[in-house]
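Structure below; questions to follow.
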Amino acid sequence: MTDTPVSPAAGLATPLTFAYWVPNVSGGLVISEIEQRTSWDFDYNRTLARIAEDAGFEYALTQTRYAASYGAASQHEATSFSLALLGATERLKVIAAVHPGMWHPGVLAKYIITADHLSGGRAAVNIVSGWLTQEFTGFGLPWLEHDERYVRTEEFIDALRGLWTQAGYSQEGEYYSIEDFTLSPQPVEVPGRAHPEIFFGGNSTAAQAVAGRTADWYFSNGRTLEDFSDNIAGVLAAAESGQRRAAAAPRFGLNGFVIARDTHAEAVETLREIVGKAHRPAVDGFASAVREAGAATADGKGMWADSSFEDLVQYNDGFKTGLIGTPDEIAERIVEYKKIGVNLFLTGYLHFQEEVEHFGREIIPRVRALEADLARAHGVELQAGLQPAAAIV
C-alpha cells in the first residue's frame, strides 16, 4: 500500500461495506458496444441479488430513471423493483433511489415503512435531487435551479425522518408543509438504526452541505483520492456547523467500476476496449444532458463538471476511482480510500453475476486482511461483526 495519511474520519475498527448497482436499466453500466453479460430483467436481478448477499455484499442500489438517457432504452421503476428484490432475499438491504418533486415525502415514508416491515427492516432510500430536466418538464413538473433543488431535498429528508420517528409530526417549509401527522406503524426497530437509512449524494457545495446536515450516508460519483478527500471535508464541515454529534455524522460511500483480471495489463486492455467501443452518440447525448449539472453552480463543483469523454462512458464516473487491475491491486486501492474516510463502495461491472461472485471470493477477503493489518498498525482491532450503520440523533 502507499503512504496515504490516515484521516481522523477513517473508521479503522469498522469493516468496509460493499454494495452493487442494481442493473434495472437496460444496456448495462457502460455506454459501450462491448459485451455485457448483464440483463435488466427481474429473473436475472433476483439471481444476482442472491449471489451478492452470499458473496458478502450488504447493500444493493436500484437506479431511478423516467426518461431514457445514456443509451438506456428501457428501465424499471426503482421502488417497486427494490421491494421485489427485498422479497427475494434474506439479508441484503436494498436502497431505492427517488426524486423529490416526483414523490411527496409522506407518501414515500409510508411506502418505505411497508417495505421495511415486509423485509424485516432492510429497506433504505437514496435521495436524488435530480439533474435531467426532461424528466420534470416532460411530466409538467416545476424544474428548479440547482441550489433550490437542494433546498427542496433538505425539506424532503427532514420530513421523512420526522414522519419515521415522531408522532404528531409537523413541518412548515417552502416546499413541504405537514401538520400534526402520525404514520402507523412506524418502521421496524433495528438495533443501531433510528429509522430506514437515508443515502444522499452530489458533488456540489450545496449537496455537501445538505448531506452534512441531514443524511445518514453521503454517496458520490467516482472520484480520485484527492478529490474525494475534499468532498469528505466539505460534508464534515457542514455536519459540524449544523451541530450534529460526531457519532451521528454521515458515513461515506463512493462509486467505482470494477475491472478485475488476472493481470494488470488485461484489466487495462478491457478498459481500453470499453472506451474504444463507446457508443459515441449516446455518450455525447449524455454529456449534453449533464453539462448543466456540472456548470449550474457558482463554484463549478457539480457532478460531471470535470468529466472527460472516457469518464462519461461509465455514467457515474466509475473509472475515476481506479478499481482496475488484479484482485491484489484493487484491494489495496480500496483500503487507500478507507484511509481517507470511505466506509462503503458502490460497485459496477460488465458481467454482474459472475463478477460480483468473483469480487466476493477474491477481493473482499484481501480487503479484510489489509483492513486488519491497517487497524493493528494503529493500535486497534478490526471488529468483523461491526456494521457501519449511521443514524442521526
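Looking only at the range 1-34, count how many residues are touching a His at 6+ places or on another chain (Cβ under 8 Å) and either among the small types (Gly, Ala, Ser) or surrounded by fewer than 16 Cβ atoms within 10 Å (Cβ to Cβ) (or both). Lay out the reasoning, then the answer.
Kept after step one, since they are touching a His at 6+ places or on another chain (Cβ under 8 Å), are these residues of the range 1-34: 6, 12, 24-25, 31-33.
Checking the rest, the ones that are also either among the small types (Gly, Ala, Ser) or surrounded by fewer than 16 Cβ atoms within 10 Å (Cβ to Cβ) (or both) come to 6, 32-33.
Residues in the range 1-34 being touching a His at 6+ places or on another chain (Cβ under 8 Å) and either among the small types (Gly, Ala, Ser) or surrounded by fewer than 16 Cβ atoms within 10 Å (Cβ to Cβ) (or both): 3 in total.
Step by step: first the residues of the range 60-98, then only those that are basic (Lys, Arg) and part of a loop (DSSP other than H, G, I, E, B), then the one that is modelled with the lowest pLDDT. Which residue is that?
We begin by selecting, within the range 60-98, every residue basic (Lys, Arg); these are 65, 91, 93.
Adding the requirement that they be part of a loop (DSSP other than H, G, I, E, B) leaves 65, 91.
On the way: Arg65: 84, Arg91: 97.
For the range 60-98, the residue satisfying everything is Arg65.
Is it the case that some residue within the range 144-160 is more than 21 Å from Ala248 (Cα to Cα) and assigned to a loop (DSSP other than H, G, I, E, B)?
The answer is yes, given that some residue of the range 144-160 is more than 21 Å from Ala248 (Cα to Cα) and assigned to a loop (DSSP other than H, G, I, E, B).
May I ask you to verify whether Arg37 is surrounded by 18 or more Cβ atoms within 10 Å (Cβ to Cβ) and closer than 22 Å to Phe319 by Cβ? Can you show your working first?
On the way: surrounded by 18 or more Cβ atoms within 10 Å (Cβ to Cβ): no; closer than 22 Å to Phe319 by Cβ: yes.
Taking the combined requirement at face value, the residue does not satisfy it.
Among (1) within 28 Å of Asn231 (Cβ to Cβ); (2) touching a Ser or Thr at 6+ places or on another chain (Cβ under 6 Å), which single condition is Val30 missing?
Evaluating Val30 over (1) within 28 Å of Asn231 (Cβ to Cβ); (2) touching a Ser or Thr at 6+ places or on another chain (Cβ under 6 Å) leaves (2) as the failure.
With the structure loaded, tell me whether Pro15 is in contact with a helix residue (DSSP H, G or I) (Cβ under 7 Å, 6 or more places away or on another chain) and not β-branched (Val, Ile, Thr) or whether it fails that test. Talk me through it step by step, then tell me what you get.
Values: in contact with a helix residue (DSSP H, G or I) (Cβ under 7 Å, 6 or more places away or on another chain): yes; not β-branched (Val, Ile, Thr): yes.
Taking the combined requirement at face value, the residue satisfies it.
Right, another one. Where in the range 175-249 are there strands (runs of 3 or more DSSP E), lying fully within it, with 1 or more residues that are farther than 22 Å from Thr79 by Cβ?
177-181, 217-220
Can you tell me which residue is nearest to Lys277 (Cα to Cα) among those in the range 22-51 that are in a loop (DSSP other than H, G, I, E, B) and among the acidic types (Asp, Glu)?
Glu33
Could you say which residue among Ile198, Ile259, Ile274 is buried (at least 18 other Cβ atoms within 10 Å of the Cβ), modelled with pLDDT of 95 or more, closer than 22 Å to Ala124 by Cβ and of a type in the set (Val, Ile, Thr)?
So the residue among Ile198, Ile259, Ile274 that is buried (at least 18 other Cβ atoms within 10 Å of the Cβ), modelled with pLDDT of 95 or more, closer than 22 Å to Ala124 by Cβ and of a type in the set (Val, Ile, Thr) is Ile198.
The values are calculated or read from the model by the stated rules, or taken from the named source; none is laboratory data. Just so it is clear, the structure is predicted and the values come from calculations on it, not from any experiment. Note: ideal-geometry Cβ built from the backbone for every residue, glycine included; neighbour counts use all protein chains shown.
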